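The values are calculated or read from the model by the stated rules, or taken from the named source; none is laboratory data. As the structure is a prediction and not an experimental result, all values here were calculated from the model. Quick reminder, even Gly has a Cβ in these numbers, built from the backbone with ideal geometry, and neighbours come from all protein chains shown.
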Amino acid sequence: MKTAFLIAACLLLFPCPASGSGPGEPAAGQGAIQEAPPPAQAPPAAPVVRRKVRYPEPQAPAAAIVRAAAPKAAPGPGQLRKKQIVAAYRDRAPKDWGERVAGVRTRLDTAEPVIALTFDACGGPRGSRVDNALIEYLRKEQIPATLFLSGSWIEANPAVFKALAADPLFEIANHGLAHRPASVNGRSAYGIRGTGSVGELVDEIEKNGRRIEAATGRKPKFYRPGTAFCDEVAVQVAGELGCEVVNYTVLGDAGATWPQEKVRQALLRAEPGAIVILHMNQPRSGTAAGVMEAVPRLREKGLRFVKLSEFPLR
């Protein structure tokens, strides 16, 4: 009995290993403490790529994208006047062409013993010089004269122009901006093409007139076309601009081509009321010498010299 009890106690105190277990290892499921398997490692994370996020700019409404056009400046009085003249004359076809068409002034309207010496300064590559000997003679002898100056000549001789404009012995008249014949349809004279339209003619007269007015304080009243050629519609347009078209009674030097003796003879044929056309832009011509010879003879005949503005014209 005691023996059986001891055996049972030993079995309780020293259990036998389970079948299938290795030596010294507890049998599975027999109360042995089992360690948890290590956690599975996650694969390495992909590198973070930082991208710059571009947010679209807010779009303005379509109506706001189109900017309102800036208001046009109101046309000035000169532009309005030009439009009016163009509208009134653009459909008029001229019939005459020359130096003495209807409306051109060629004489002083007086019976007094006076003559007017007028001198052209044409400008351009061959016409922008100054006959200083002639100008100094007129000053020395106190001979008043009307000087028809072109815009191109004024540009080439600004200092001389200012001095002439400031001299009360002379009056400055308009010889056109570019010394072009006065045409409304582009006719030519001496190989120089005239203004091609009413609008071009207005610019030829007005732009040079404003330049002269800026220097003298007075808008020139007298206009002589380049080459002295014009049509009768152009004369009417000039009248709309407040200008009288003035040519001549006596051809004094034929465009500064005549020699001294021929200039002298031409001047001595001048009668009371005559307007003489000469040139002050060709110092190598015979004009100055011819004038110097003729002036004393003309004075001996009782003639005196005047500016165009001193008498009405016809």
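Summary table
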| item | result |
| --- | --- |
| Residue count for region 212-259, restricted to those that are free of Cβ contacts under 8 Å to residues at least 24 places away in the same chain and either part of a loop (DSSP other than H, G, I, E, B) or buried (at least 18 other Cβ atoms within 10 Å of the Cβ) (or both) | 5 |
| Criterion violated by Ala266 - all others in (1) of a type in the set (Gly, Ala, Ser); (2) outside any loop (DSSP other than H, G, I, E, B); (3) closer than 29 Å to Arg210 by Cβ satisfied | (3) |
| Count - residues of region 185-211 that are in a loop (DSSP other than H, G, I, E, B) and either free of Cβ contacts under 8 Å to residues at least 12 places away in the same chain or in contact with a Pro (Cβ under 6 Å, 6 or more places away or on another chain) (or both) | 3 |
| Options Pro113, Pro94, Pro158: the member that is crowded, with 16+ Cβ neighbours inside 10 Å and not basic (Lys, Arg) | Pro94 |
| Selection status of Gly127, on the phi > 0 side of the Ramachandran plot, part of a loop (DSSP other than H, G, I, E, B) and touching a residue at least 40 places away in the same chain (Cβ under 8 Å) | no |
| Sole residue being surrounded by fewer than 22 Cβ atoms within 10 Å (Cβ to Cβ), modelled with pLDDT of 95 or more and not in a loop (DSSP other than H, G, I, E, B), chosen from Ala173, Ala133 | Ala133 |
